1. Using Cα pairs under 8 angstrom and six or more residues apart, how large is the relative contact order of the stretch 1-105, in percent?
2. Grab the DSSP H runs of the chain that are 4 residues or longer, score each as -39,500 (n - 2.57), total them, divide by all residues and round the 222 nm result to the nearest 500 deg cm²/dmol.
3. I want to make sure I understand the PRE zone here: with the label point 7 angstrom from the Cα of residue 8 toward its beta carbon, which residues in the stretch 107-144 have backbone N atoms less than 17 Å away?
4. Give the span of the stretch 55-155's Cα atoms along each principal axis, as three whole-Å numbers ordered largest to smallest.
5. Of 145, 188, 103, which is farthest towards the positive pole of the chain's charge dipole, taken about the Cα centre with +1 and -1 on the beta-carbons of Lys, Arg and Asp, Glu respectively?
6. Take the chain, drop everything but the C-alpha atoms, weight them equally and run the Debye formula without solvent; then report log10 I(q)/I(0) at 0.13, 0.14 Å⁻¹ to two decimals.
7. What is the sum of charges, Lys and Arg at +1 and Asp and Glu at -1, for the other residues whose Cβ falls under 14 Å from the Cβ of residue 164?
8. Can you check what the net charge comes to around residue 52, using other residues whose Cβ is under 14 Å from the Cβ of residue 52 (Lys, Arg +1; Asp, Glu -1)?
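The values are calculated or read from the model by the stated rules, or taken from the named source; none is laboratory data. Just so you know, these numbers come straight off a predicted model, no measurement behind them. For neighbour counting, all protein chains shown are included, and Cβ atoms are generated from backbone atoms with ideal geometry for every residue, glycine included. When the accessible area is computed, the model is the full protein with side chains, heavy atoms only, and any ligands, DNA or RNA have been set aside. Shrake-Rupley method; radii C 1.70, N 1.55, O 1.52, S 1.80 Å.
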Amino acid sequence: MYKSSLVKRVTSKLSSKEVGTIVLKQNEINITVRDELGHILLVDAADSEEMFLLASLLQHSMTSNDVIFLEREDSRYTDLFIFNGASNPFSQKDLRKIKSSLGFSRFDMFKLPLLNTHDEKFWDTWEDWKYNEQLRIRSDKDIAIINCSRLGFEMLVHCCCYLATSYSGHSHFDWNSTKSSPELIIRNIARN
């Protein structure tokens, strides 16, 4: 059975296009994002509940084309934008405009369905080659971007659900990202 969570969804105007953005503060959802000198992007979830929330956010973005924005609370962490670049080809400049307009844009509360299980059948049809270079990642100390294809979102959703239900603790996505991307590591801190 699915539970749900109320999240803030902001609609802002970028050029002539309306952009939906789910905005969450990292300290409120116990998911933090850190850039390690532009070489590694660490996404840390406190435990399984937070990992399922991350999986649910990724699934929502995959199906709706909304942008996910995880806002940092202090300078130790990095702001993170997640979106489908094929549907929304945003530049870093566009994302900074979205961030600066959040305080002036209209928002509503959105009921996000939360995943709470992992279907092991997904791994029966897993083929590595299908997910190669499905993530484009850029990061620095202030802003990180995960630009996914639909297959990239699918892979991340299932990997996050797996990390929530298993004791493997973390997953590396360097082989699924482009060669110029920093390595992405997603961790379930309580199980790592």
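1. 27 percent
2. On the way: 4 runs with 47 residues, N = 192.
Helix contribution divided over all residues of the chain: -7500 deg cm²/dmol.
3. Under 17 Å, as judged by backbone N against the label point of residue 8, lie 107-112 of the stretch 107-144.
4. That works out to 46, 30, 29 Å along the principal axes.
5. 103
6. -0.64, -0.75
7. Net charge around residue 164: -3.
8. Value of the local net charge: -2.
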